[in-house]
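Enquirer: Quick one: this structure, given as structure tokens, is what I'll be asking you about.
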Amino acid sequence: MTNPVLLEEIKLDFEQKKAGREYLTLNDLSENPASSLTEAQRAEYQELLQSSKEMLLSALEK
């Protein structure tokens, strides 16, 4: 995320949605789960994420 204004808006939205509750992650791993992926697996997931992002942005534009 390189847009500081958007990042701040996201943080504020997250805090509002938490409504004073503590956030607990469902990821109980002590390290980043992506660290065990091969380069090919990372590329596959990156392609999937990019496709999902494009579909979401397209839906939001309608």
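Enquirer: Check segment 5-19 and report whether any residue there is of a type in the set (A, V, I, L, M), in contact with a Lys or Arg (Cβ under 9 Å, 6 or more places away or on another chain) and assigned to a helix (DSSP H, G or I).
Expert: No - not one qualifying residue is present in segment 5-19.
Enquirer: Oh, and also: Please verify whether Gln46 is surrounded by 10 or more Cβ atoms within 10 Å (Cβ to Cβ), modelled with pLDDT under 90 and polar (S, T, N, Q), treating the condition exactly as stated.
Expert: Criteria met by Gln46.
Enquirer: Please give the number of the condition Asp28 fails out of (1) part of a loop (DSSP other than H, G, I, E, B); (2) surrounded by 10 or more Cβ atoms within 10 Å (Cβ to Cβ); (3) acidic (Asp, Glu).
Expert: (2)
The values are calculated or read from the model by the stated rules, or taken from the named source; none is laboratory data. Please read these numbers as outputs of a predicted model, since none were measured by experiment. Counting neighbours? That spans all protein chains shown, and the Cβs are built from the backbone with ideal geometry, glycine included.
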